[in-house]
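A short write-up of the structure that comes next.
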């Protein structure tokens, strides 16, 4: 006798489907709750980081947004104030090792460009003109009267030269640290230019994930997901940098915007035809590193030292020196030699 094959009652079939559906629904609810909980504690952690990492300087309104400036050292009547301009992606913390060396004898100010460090974001894309205008307004409204000796690292060299172009009457001298040159890309072979443009696009794209993790507050709760601090900085500056990178995404957004605008900034400087410095003392400090890796089958680019020699000739009292055993960040690797270069300019002004 054969057994009859019959389907389970409809109610039983429905019950079988309801169980996995209810498990999926519960899992989804728990997942959503977990995400909201993580975001909530992340925002709380970010608020704590803000309290734990107060800025060393003060805030100044430069026209609808505030920039952070940190000035130290004695105010000596008749002596210029040193103004430090960081390179691409760097905040005022990049000068943490240099500030004590310089402030022992001179008035020195480091600041955060819009979006970097403790400064508010700028409502528009960065340009050389707006950056220089922001700095001038910041110095005037902060009461740090000129004249100034401007110290610019990397892309910051373009900004301080643009500042001198806009306000030549308040610039007494200049020090350029492994500086960018407005023709540094246009003199490259086409293959190099294409490679650089692609690398910039990739760098901006790579920043989107850490920006999202910071915005959600996840990086504040899980520090390992935040970008690391620069180990070359003094310990206190590293702690500040870690906190800044976890508390909000302004710095990474500013970095992405500056990378995206970097070629336009160089073109802006070329168009402006940044003039010479006359007899204002100038030191161009070059690192002895090799800036770019070779590309097979492509003619090597013009050495950075050639461009630096051109910059040194912008002044009748211009020097170009090479710092040995140094990376692009000469103020990290050889701070004493950088301080000596700045001191040379200060003494030349007094002659």
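Observations
- The residue of segment 211-239 that is surrounded by the fewest Cβ atoms within 10 Å (Cβ to Cβ), among those that are modelled with pLDDT under 90, touching a helix residue (DSSP H, G or I) at 6+ places or on another chain (Cβ under 6 Å) and not in a loop (DSSP other than H, G, I, E, B), is 225.
- Those helices (runs of 4 or more DSSP H) of segment 301-351 in which 2 or more residues are under 11 Å from residue 173 (Cβ atoms) and in contact (Cβ under 8 Å) with a residue 40 or more places away in the chain occupy 335-350.
- Which numbered condition residue 264 misses (of (1) modelled with pLDDT under 95; (2) assigned to a helix (DSSP H, G or I)): (1)
- Residues in segment 161-183 that are under 14 Å from residue 280 (Cα atoms) and either in contact with a strand residue (DSSP E or B) (Cβ under 8 Å, 6 or more places away or on another chain) or crowded, with 24+ Cβ neighbours inside 10 Å (or both): 161, 164, 170, 171, 172, 173, 174, 175, 176.
- Residues located in segment 64-78, provided they are touching a residue at least 12 places away in the same chain (Cβ under 8 Å) and loosely packed, with under 14 Cβ neighbours inside 10 Å: 64, 74, 75, 76
- Yes/no for residue 243 being free of Cβ contacts under 8 Å to residues at least 12 places away in the same chain and either buried (at least 16 other Cβ atoms within 10 Å of the Cβ) or in a loop (DSSP other than H, G, I, E, B) (or both): no
Matching residues to (1) modelled with pLDDT under 95; (2) part of a loop (DSSP other than H, G, I, E, B):
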{"site": "118", "(1), (2)": "no, yes"}
{"site": "122", "(1), (2)": "yes, yes"}
{"site": "134", "(1), (2)": "no, no"}
{"site": "141", "(1), (2)": "no, no"}
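- Members of segment 137-160 found to be closer than 15 Å to residue 67 by Cα and buried (at least 17 other Cβ atoms within 10 Å of the Cβ), listed by number: 138, 139, 142, 144
- Residue that is farthest from residue 345 (Cα to Cα), among those in segment 73-96 that are outside any loop (DSSP other than H, G, I, E, B) and touching a strand residue (DSSP E or B) at 6+ places or on another chain (Cβ under 6 Å): 92
- Screening residue 203 with (1) out of contact with any helix residue (DSSP H, G or I) (no Cβ under 9 Å at 6 or more places or on another chain); (2) at pLDDT 90 or above gives one miss only, at (1).
The values are calculated or read from the model by the stated rules, or taken from the named source; none is laboratory data. Bear in mind the structure is a predicted one, so any value in this text is a computation, not a measurement. No Cβ is skipped: glycine too gets one built from the backbone with ideal geometry, and neighbour counts run over all protein chains shown.
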